[in-house]
1. Sorted by accessible area with a 1.4 angstrom probe, largest first, how do M284, M221 fall?
2. On C-alpha positions alone, give me the angle between the axis of helix 248-265 and the longest principal axis of the chain, in degrees, nearest 10.
3. Which links in K22/K248; K244/K281; K6/K244; K22/K98; K31/K230 stretch past 31 Å when you go from one Cα to the other?
4. Rounded to the nearest 500, what is the 222 nm mean residue ellipticity of the chain from helices alone, with -39500 (n - 2.57) per DSSP H run of 4+ residues and division by all residues?
5. Send over the per residue convex hull volume for the chain, Cα only, as a whole number of Å³.
6. Relative contact order of the chain: what whole-number percent is it, with Cα pairs under 8 angstrom and at least 6 residues apart?
7. If the chain between T118 and M1 were fully stretched, how many nm would it gain, using 0.36 nm times the residue separation less the Cα-Cα distance?
8. Classify the range 51-130: rounded, prolate or oblate, from the alpha-carbon gyration tensor (a ≥ b ≥ c, eigenvalue square roots; a/c under 1.5 rounded; otherwise prolate if a/b is larger than b/c)?
Amino acid sequence: MALEEKINAGRFVVLGEFEPPKGNNFSAYVKHANQVRGRLDAYVVPEMASAVLKASSLGACALLQREGIETVFQVCCRDRNRLALQADLLAAGGLGVKNLMVVSGDDITHGDHPQARTVNDLTTIELLEVVQRLGTGKDMAGIELDGVPRFCTGSTFDNTAAGGLLEIELENLQKKIALGAKFFITHPIFDLRAFQQFVKRVDTSKIALIPTVLLLKSAGMARYIDRNIKGVSIPAEMIRDIQKASDKVEICTRIAAQTISRLKEMGLAGVLISTVGWEDKLPMILDQIKS
(Lines give C-alpha, C1' and ligand atoms only; values in the text may rest on other atoms or scores of the structure.)
Protein backbone atom coordinates (compact mmCIF):
# COMPACT_ATOMS: atom_id res chain seq x y z
CA MET A 1 0.00 0.00 0.00
CA ALA A 2 1.39 3.40 -1.02
CA LEU A 3 1.88 6.25 1.46
CA GLU A 4 -1.13 8.19 0.14
CA GLU A 5 -3.40 5.18 0.57
CA LYS A 6 -2.21 4.68 4.14
CA ILE A 7 -2.84 8.33 4.99
CA ASN A 8 -6.30 8.21 3.41
CA ALA A 9 -7.07 5.02 5.35
CA GLY A 10 -6.10 6.69 8.64
CA ARG A 11 -3.16 4.39 9.32
CA PHE A 12 -0.39 5.65 11.60
CA VAL A 13 2.52 6.17 9.22
CA VAL A 14 6.18 6.10 10.22
CA LEU A 15 8.49 8.11 8.00
CA GLY A 16 12.26 8.20 8.24
CA GLU A 17 14.45 11.14 7.26
CA PHE A 18 17.47 10.13 5.18
CA GLU A 19 19.90 12.95 4.44
CA PRO A 20 21.92 12.40 1.24
CA PRO A 21 25.71 12.34 1.58
CA LYS A 22 28.02 15.30 1.15
CA GLY A 23 29.66 13.70 -1.85
CA ASN A 24 28.75 11.05 -4.41
CA ASN A 25 29.49 7.96 -2.32
CA PHE A 26 26.04 6.52 -1.64
CA SER A 27 27.19 3.10 -0.38
CA ALA A 28 26.50 3.77 3.33
CA TYR A 29 23.31 5.62 2.41
CA VAL A 30 21.88 2.64 0.54
CA LYS A 31 23.09 0.24 3.26
CA HIS A 32 21.28 2.14 6.01
CA ALA A 33 18.16 2.48 3.87
CA ASN A 34 18.07 -1.27 3.31
CA GLN A 35 18.50 -1.95 7.03
CA VAL A 36 14.97 -0.64 7.64
CA ARG A 37 13.42 -1.75 4.36
CA GLY A 38 9.77 -2.61 4.92
CA ARG A 39 9.71 -1.00 8.37
CA LEU A 40 9.14 2.59 7.24
CA ASP A 41 6.20 3.75 5.18
CA ALA A 42 8.39 6.13 3.19
CA TYR A 43 11.82 7.76 3.27
CA VAL A 44 11.85 11.56 3.41
CA VAL A 45 14.89 12.94 1.58
CA PRO A 46 15.79 16.51 2.68
CA GLU A 47 16.99 19.10 0.21
CA MET A 48 20.18 20.46 1.80
CA ALA A 49 18.84 20.74 5.35
CA SER A 50 20.24 23.67 7.34
CA ALA A 51 21.44 25.05 3.95
CA VAL A 52 24.43 22.69 4.07
CA LEU A 53 25.60 21.35 0.71
CA LYS A 54 24.60 17.71 0.16
CA ALA A 55 23.63 15.63 -2.85
CA SER A 56 20.21 16.65 -4.11
CA SER A 57 16.94 15.25 -2.82
CA LEU A 58 15.84 14.34 -6.35
CA GLY A 59 19.05 12.41 -7.03
CA ALA A 60 18.83 10.48 -3.77
CA CYS A 61 15.14 9.76 -4.35
CA ALA A 62 15.94 8.39 -7.81
CA LEU A 63 18.57 6.10 -6.26
CA LEU A 64 16.22 4.80 -3.55
CA GLN A 65 13.34 4.38 -6.02
CA ARG A 66 15.66 2.19 -8.08
CA GLU A 67 16.10 0.06 -4.95
CA GLY A 68 12.32 -0.30 -4.73
CA ILE A 69 11.98 2.10 -1.78
CA GLU A 70 9.15 4.64 -1.62
CA THR A 71 10.44 8.18 -1.12
CA VAL A 72 9.24 11.69 -0.33
CA PHE A 73 10.99 14.23 -2.56
CA GLN A 74 11.58 17.52 -0.76
CA VAL A 75 11.04 20.48 -3.12
CA CYS A 76 12.71 23.63 -1.78
CA CYS A 77 11.83 27.20 -2.78
CA ARG A 78 15.12 28.60 -1.47
CA ASP A 79 17.49 27.50 -4.22
CA ARG A 80 15.57 27.30 -7.51
CA ASN A 81 13.47 29.52 -9.75
CA ARG A 82 10.13 28.50 -11.23
CA LEU A 83 11.71 26.96 -14.33
CA ALA A 84 14.04 24.73 -12.33
CA LEU A 85 11.33 23.77 -9.83
CA GLN A 86 8.97 22.70 -12.61
CA ALA A 87 11.77 20.79 -14.33
CA ASP A 88 12.52 18.89 -11.09
CA LEU A 89 8.84 18.06 -10.60
CA LEU A 90 8.54 16.71 -14.14
CA ALA A 91 11.70 14.64 -13.66
CA ALA A 92 10.43 13.30 -10.33
CA GLY A 93 7.19 12.23 -11.98
CA GLY A 94 9.10 10.48 -14.74
CA LEU A 95 11.31 8.68 -12.19
CA GLY A 96 8.32 7.26 -10.38
CA VAL A 97 8.50 9.45 -7.27
CA LYS A 98 4.97 9.55 -5.86
CA ASN A 99 5.33 11.88 -2.87
CA LEU A 100 6.40 15.49 -2.44
CA MET A 101 7.09 17.70 0.52
CA VAL A 102 7.02 21.40 -0.36
CA VAL A 103 9.29 23.51 1.89
CA SER A 104 10.62 27.06 1.94
CA GLY A 105 14.12 25.96 3.03
CA ASP A 106 16.33 26.92 5.95
CA ASP A 107 18.00 30.35 6.01
CA ILE A 108 21.02 30.18 3.71
CA THR A 109 23.16 32.23 6.11
CA HIS A 110 23.05 29.31 8.58
CA GLY A 111 24.72 26.91 6.16
CA ASP A 112 28.19 26.24 4.82
CA HIS A 113 27.81 28.54 1.78
CA PRO A 114 26.50 31.77 3.36
CA GLN A 115 27.65 33.76 0.32
CA ALA A 116 25.16 31.91 -1.91
CA ARG A 117 22.18 33.82 -3.26
CA THR A 118 18.73 32.92 -2.01
CA VAL A 119 16.25 32.51 -4.87
CA ASN A 120 12.73 32.21 -3.39
CA ASP A 121 11.13 32.88 -6.77
CA LEU A 122 8.01 31.16 -5.42
CA THR A 123 6.49 30.85 -1.96
CA THR A 124 5.37 27.47 -0.65
CA ILE A 125 1.75 28.44 -1.42
CA GLU A 126 2.69 29.36 -4.98
CA LEU A 127 4.69 26.16 -5.41
CA LEU A 128 1.70 24.12 -4.27
CA GLU A 129 -0.32 25.95 -6.94
CA VAL A 130 2.31 24.89 -9.49
CA VAL A 131 2.10 21.25 -8.39
CA GLN A 132 -1.67 21.40 -8.73
CA ARG A 133 -1.42 23.03 -12.17
CA LEU A 134 1.08 20.46 -13.46
CA GLY A 135 -1.41 17.82 -12.36
CA THR A 136 -3.91 19.26 -14.82
CA GLY A 137 -1.43 18.80 -17.66
CA LYS A 138 -0.16 22.36 -18.07
CA ASP A 139 2.89 24.30 -16.88
CA MET A 140 2.94 27.79 -15.39
CA ALA A 141 2.99 29.29 -18.89
CA GLY A 142 -0.16 27.40 -19.80
CA ILE A 143 1.62 25.05 -22.22
CA GLU A 144 0.41 21.46 -22.37
CA LEU A 145 2.66 18.72 -21.01
CA ASP A 146 3.53 15.43 -22.66
CA GLY A 147 2.80 13.30 -19.60
CA VAL A 148 1.17 14.51 -16.40
CA PRO A 149 2.93 14.15 -13.01
CA ARG A 150 0.70 13.38 -10.04
CA PHE A 151 1.87 13.34 -6.43
CA CYS A 152 0.78 12.87 -2.85
CA THR A 153 1.84 16.32 -1.68
CA GLY A 154 2.69 17.50 1.80
CA SER A 155 4.20 20.59 3.37
CA THR A 156 5.33 21.94 6.71
CA PHE A 157 3.43 23.40 9.65
CA ASP A 158 5.14 25.69 12.16
CA ASN A 159 3.78 24.47 15.48
CA THR A 160 6.21 26.83 17.27
CA ALA A 161 4.41 29.95 16.02
CA ALA A 162 2.60 31.97 18.68
CA GLY A 163 0.01 34.73 18.82
CA GLY A 164 -0.68 36.41 15.51
CA LEU A 165 1.93 34.30 13.75
CA LEU A 166 0.06 31.15 14.73
CA GLU A 167 -3.14 32.60 13.26
CA ILE A 168 -1.31 33.24 9.99
CA GLU A 169 0.08 29.70 10.08
CA LEU A 170 -3.40 28.28 10.58
CA GLU A 171 -4.72 30.38 7.68
CA ASN A 172 -1.90 29.14 5.45
CA LEU A 173 -2.68 25.59 6.54
CA GLN A 174 -6.19 25.93 5.12
CA LYS A 175 -4.80 27.40 1.89
CA LYS A 176 -2.39 24.49 1.54
CA ILE A 177 -5.19 21.99 2.08
CA ALA A 178 -7.27 23.73 -0.60
CA LEU A 179 -4.29 23.35 -2.96
CA GLY A 180 -4.16 19.60 -2.43
CA ALA A 181 -1.69 19.15 0.45
CA LYS A 182 -2.37 15.79 2.13
CA PHE A 183 0.02 15.82 5.09
CA PHE A 184 1.92 18.32 7.23
CA ILE A 185 5.25 17.89 9.01
CA THR A 186 5.89 19.83 12.24
CA HIS A 187 9.06 21.00 13.95
CA PRO A 188 10.69 18.53 16.38
CA ILE A 189 8.52 17.63 19.38
CA PHE A 190 9.98 16.99 22.84
CA ASP A 191 7.55 18.61 25.29
CA LEU A 192 4.43 16.51 24.79
CA ARG A 193 2.32 18.44 27.30
CA ALA A 194 2.91 21.69 25.41
CA PHE A 195 2.25 19.93 22.10
CA GLN A 196 -1.07 18.57 23.39
CA GLN A 197 -2.18 22.16 24.05
CA PHE A 198 -1.19 23.13 20.52
CA VAL A 199 -3.03 20.16 18.96
CA LYS A 200 -6.29 21.47 20.41
CA ARG A 201 -6.10 24.25 17.80
CA VAL A 202 -6.04 21.76 14.92
CA ASP A 203 -8.67 19.20 13.90
CA THR A 204 -6.40 16.17 13.61
CA SER A 205 -9.35 14.03 12.48
CA LYS A 206 -9.36 16.00 9.22
CA ILE A 207 -5.68 16.96 8.90
CA ALA A 208 -2.82 14.48 8.59
CA LEU A 209 -0.48 16.12 11.09
CA ILE A 210 2.89 14.35 11.30
CA PRO A 211 5.19 15.54 14.11
CA THR A 212 8.95 15.27 13.78
CA VAL A 213 10.69 13.16 16.41
CA LEU A 214 14.34 14.19 16.49
CA LEU A 215 16.84 11.67 17.80
CA LEU A 216 19.00 13.42 20.38
CA LYS A 217 22.66 12.38 20.61
CA SER A 218 23.79 13.91 23.90
CA ALA A 219 22.76 16.15 26.78
CA GLY A 220 24.85 18.91 25.18
CA MET A 221 22.84 18.69 21.97
CA ALA A 222 19.60 18.77 23.96
CA ARG A 223 20.69 21.84 25.94
CA TYR A 224 21.75 23.63 22.77
CA ILE A 225 18.38 23.02 21.11
CA ASP A 226 16.49 24.06 24.24
CA ARG A 227 18.44 27.32 24.53
CA ASN A 228 18.90 28.29 20.90
CA ILE A 229 16.12 26.91 18.71
CA LYS A 230 13.20 29.30 18.88
CA GLY A 231 9.95 27.68 19.95
CA VAL A 232 11.47 24.26 20.68
CA SER A 233 11.72 23.33 24.35
CA ILE A 234 13.13 20.15 25.90
CA PRO A 235 11.99 19.18 29.40
CA ALA A 236 14.74 19.49 32.01
CA GLU A 237 14.14 15.94 33.23
CA MET A 238 14.79 14.60 29.73
CA ILE A 239 18.14 16.39 29.60
CA ARG A 240 19.01 15.09 33.09
CA ASP A 241 18.17 11.51 32.08
CA ILE A 242 20.54 11.74 29.12
CA GLN A 243 23.24 13.34 31.26
CA LYS A 244 23.08 10.57 33.89
CA ALA A 245 22.84 7.63 31.49
CA SER A 246 25.94 5.49 30.98
CA ASP A 247 24.69 4.41 27.54
CA LYS A 248 23.79 7.58 25.64
CA VAL A 249 22.64 5.76 22.53
CA GLU A 250 20.26 3.54 24.51
CA ILE A 251 18.65 6.39 26.43
CA CYS A 252 18.33 8.63 23.37
CA THR A 253 16.73 5.93 21.22
CA ARG A 254 14.42 5.05 24.14
CA ILE A 255 13.31 8.68 24.48
CA ALA A 256 12.56 8.82 20.75
CA ALA A 257 10.59 5.54 20.87
CA GLN A 258 8.58 6.67 23.91
CA THR A 259 7.77 9.97 22.20
CA ILE A 260 6.55 8.12 19.11
CA SER A 261 4.32 5.86 21.20
CA ARG A 262 2.78 8.85 23.01
CA LEU A 263 2.13 10.66 19.73
CA LYS A 264 0.42 7.57 18.36
CA GLU A 265 -1.80 7.45 21.46
CA MET A 266 -2.78 11.08 20.74
CA GLY A 267 -4.36 9.95 17.47
CA LEU A 268 -2.01 11.75 15.12
CA ALA A 269 -1.47 10.66 11.51
CA GLY A 270 2.11 9.49 12.03
CA VAL A 271 5.64 10.61 12.80
CA LEU A 272 8.79 11.59 10.94
CA ILE A 273 11.90 10.22 12.65
CA SER A 274 14.87 12.51 12.09
CA THR A 275 18.21 10.97 13.04
CA VAL A 276 20.58 13.71 11.78
CA GLY A 277 23.22 11.32 10.49
CA TRP A 278 22.40 8.49 12.88
CA GLU A 279 20.42 6.50 10.31
CA ASP A 280 22.13 3.34 11.56
CA LYS A 281 20.31 3.82 14.89
CA LEU A 282 16.86 3.69 13.26
CA PRO A 283 16.50 -0.09 13.76
CA MET A 284 16.92 0.41 17.52
CA ILE A 285 14.02 2.88 17.59
CA LEU A 286 11.82 0.77 15.34
CA ASP A 287 12.47 -2.31 17.48
CA GLN A 288 11.12 -0.48 20.51
CA ILE A 289 7.95 0.69 18.75
CA LYS A 290 7.62 -2.73 17.05
CA SER A 291 7.62 -1.31 13.54
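The values are calculated or read from the model by the stated rules, or taken from the named source; none is laboratory data. All figures in this text were calculated on a predicted structure; none of them were measured in a lab. Don't worry about glycine lacking a Cβ; one is built from the backbone with ideal geometry, like all the others, and counts go over all protein chains shown. Please note that ligands, DNA and RNA were not included when accessible areas were found on the heavy atoms of the full protein model with its side chains. Shrake-Rupley method; radii C 1.70, N 1.55, O 1.52, S 1.80 Å.
1. The ranking, largest first, comes out as M284, M221.
2. 60 degrees
3. K6/K244; K31/K230
4. Result for the chain, helices only: -12000 deg cm²/dmol.
5. So the per-residue hull volume is 135 Å³.
6. For the chain, the relative contact order is 18 percent.
7. Additional length available on full extension: 38.3 nm.
8. oblate
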